[in-house]
Each structure stands twice: as structure tokens, then as C-alpha cells.
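S.K.: Got a structure for you, questions after.
The values are calculated or read from the model by the stated rules, or taken from the named source; none is laboratory data. Model, not experiment: these values are computed from the prediction. A quick note on method: Cβ atoms are made from the backbone with ideal geometry, for glycine too, and the neighbour counts reach across all protein chains shown. Only protein heavy atoms, including side chains, enter the accessible area calculation; ligands, DNA and RNA are left aside. Shrake-Rupley method; radii C 1.70, N 1.55, O 1.52, S 1.80 Å.
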Amino acid sequence: MKKVIELDTQPLLSQEQSARVMVQIATIRQAFGVKNDETNKPVKDYERKLVMSDDEIRKDFEEYLSFLKWAIEKKDVDKQREFENQINYFIDAVEFFHKDLAKEFKETVFQGQ
């Protein structure tokens, strides 16, 4: 919960920082089943169990990759850069709670380059 609160309460100074925080907080909240309104009230339990399986997290990763592939096919360089950033933000969030899975994702991304 500390990481969720940290992300949820930091000042957003740029569009890129805002995008990073949105992807990371959404990923962590979903992975641990944290509801949006839980950071607006006193926290009773700072420790949470992961509620998503590795395969569910992989499915989310594959969705990010599909957006990137779409942008590449459309030759939309701006969207491609945006989706590459989102993939990196997603991997950073996963690395916070599952280093092995984040390593797998990094290998997948770098393998394709």
C-alpha cells in the first residue's frame, strides 16, 4: 500500500510523469486488488497478497505489446514511442512486486529489437 499511496499522492509535473504514474498505479492496484478509494482513507492493512496470476499479468503485458505492434504497422512513430514508454512503465511496476516476471518481459521486449 505504501507504493500505491506514494504514486497516488505525488505531484505530477509533466505529461510523461503523469502517464508513467497512471500505468504503474493501475498495474499495482490491479495486481493487488486495491480499490481507487482506499488511498483516500486511513489504511488498515499495508501488506497485500497478489491477486493476479502470472498468466493474467502476462495477458496484460501482451495487450500492451499488441498496441505497440498496431502503431508499428500504422507507421505512427508518435504512438509507437508512447506505447514503448507504457510498456517500460508496466515492466517497472511489475518489477516492484515480481522481479522474475519483469525480467521475462524485458527479455521479450529486447529480443524483438
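S.K.: For the chain, what is the accessible area per residue in Å², given a 1.4 Å probe and the full set of protein chains?
M.R.: With the other protein chains kept in place, the chain gives 69 Å² per residue.
S.K.: As I understand it, the value is the acute angle between the Cα axis of helix 77-97 and the longest principal axis of the Cα atoms of the chain; what does it come to in degrees, rounded to 10?
M.R.: Result, in degrees: 40.
S.K.: Oh, and also: Calculate how steeply helix 15-32 sits against the longest principal axis of the alpha-carbon atoms of the chain, using the helix alpha-carbon long axis, and give the answer as 0 to 90 degrees to the nearest 10.
M.R.: 60
S.K.: Against the longest principal axis of the chain, how steep is helix 54-73, in degrees 0 to 90 to the nearest 10, with axes from Cα atoms?
M.R.: Between helix and principal axis, roughly 40 degrees.
S.K.: Right, next: Give the lysines reachable from LYS79 as a straight Cα distance under 30 Å; neighbours fewer than 8 places away on the same chain don't count.
M.R.: LYS3, LYS35, LYS59, LYS69, LYS99, LYS103, LYS106
S.K.: Among (i) 0.98; (ii) 1.12; (iii) 1.48, find the value of Cα Rg over 2.2 N^0.38 Å that was calculated from the structure presented, and write down its label.
M.R.: Computed from these coordinates, Cα Rg over 2.2 N^0.38 Å corresponds to label (ii).
S.K.: Could you order peptides 51-60, 26-35 by the average number of other Cβ atoms within 10 Å of their residues, highest first? Show your work: numbers first, answer last.
M.R.: On the way: 51-60: 13.6, 26-35: 17.2.
The densest-packed peptide leads the list: 26-35, 51-60.
S.K.: Using a Gaussian network model of the chain whose springs link C-alpha atoms within less than 10 Å, name the residue from LYS69, LYS49, LYS99 with the highest mean-square fluctuation.
M.R.: LYS49
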